[in-house]
Amino acid sequence: MMNESSNDQPTSHRFWRIALKLLVVFAFVFVMKLGIDALMAKIALFESDAAARAMTGLLITVMIGYAILLAIPFIPGVEIGIAILLLEGAPAAPMVYLATVAGLLLAFFIGQYAPLPRLIRFANDVYLYRIAGLLERIKLTPRKDRLDAMQDRLPRWLAPIFCNYRYVTLGLAVNLPGNIALGGGGGIMMAGGLSRLFQTRLTIITVILATLPVPLGVWLLGADILQ
């Protein structure tokens, strides 16, 4: 009897630990849904209330919310930025640009400095074994050897593009239409940070340049270029 109890305890403990983590994930998704709804409601004020155009505080609030949402994988943050540009036009372009850069870099830094052992343990707990294995390989491979390891795993024709021009590839992926299927801008940048293949200084320059064309175009030519 005592042996059976001791054998069941780890299984029960593991079950409740998985259940708690899944509950946290669902709660996070629910809060993000509420956040998106609240942000879109505030954006609607720009269109429905002419006086709102002079409300600097409202615009700053929307920009902060936009930057935070943009940093979250699979959130269509870029579409929210485009909606703000369409409604507010050239005056909002600099703030949208700064918020876009801040949100994407926030996602990168989260991935860059996330504790890999905890992520591996969480992935194993929720049966994401392939992701856990990938993170384990990243953790065990010395930083100077990670690029070579990635090059060996990619097809021969694709390896030079992804490895030798990885910053260009990152910039293009962030701007790629429909990149929500790859995790959106936030997911792509977070994955880039987790890979530990990108230098912080060069990544900052990449994001600054990659996100500039659309806000700059709106600032110089107006929101009509988006239509």
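The values are calculated or read from the model by the stated rules, or taken from the named source; none is laboratory data. For clarity, every value in this text was computed on a predicted model and none was experimentally measured. Note that each Cβ is placed from the backbone with ideal geometry, even for glycine, and that neighbours are counted across all protein chains shown. When the accessible area is computed, the model is the full protein with side chains, heavy atoms only, and any ligands, DNA or RNA have been set aside. Shrake-Rupley method; radii C 1.70, N 1.55, O 1.52, S 1.80 Å.
Put a dot 7 Å past the Cα of D145, heading toward its Cβ, do the same for A38, and the two dots end up 4.7 nm apart. Per-residue packing, averaged as other Cβ atoms within 10 Å, sorts the ranges 85-91, 111-117, 71-77 into the order 71-77, 85-91, 111-117, beginning with the highest. Rolling a 1.4 Å probe across all protein chains gives R121 an accessible area of roughly 110 Å². The HN-Hα couplings worked out from phi for segment 139-147 by the Karplus form 6.51 cos²θ - 1.76 cosθ + 1.60 (θ = phi - 60°) are 5, 7, 8, x, 4, 5, 9, 5, 5 Hz, whole numbers, x standing for Gly and Pro. Extension gain for Y113-N164 works out to 16.0 nm (0.36 nm per residue, less the C-alpha to C-alpha distance).
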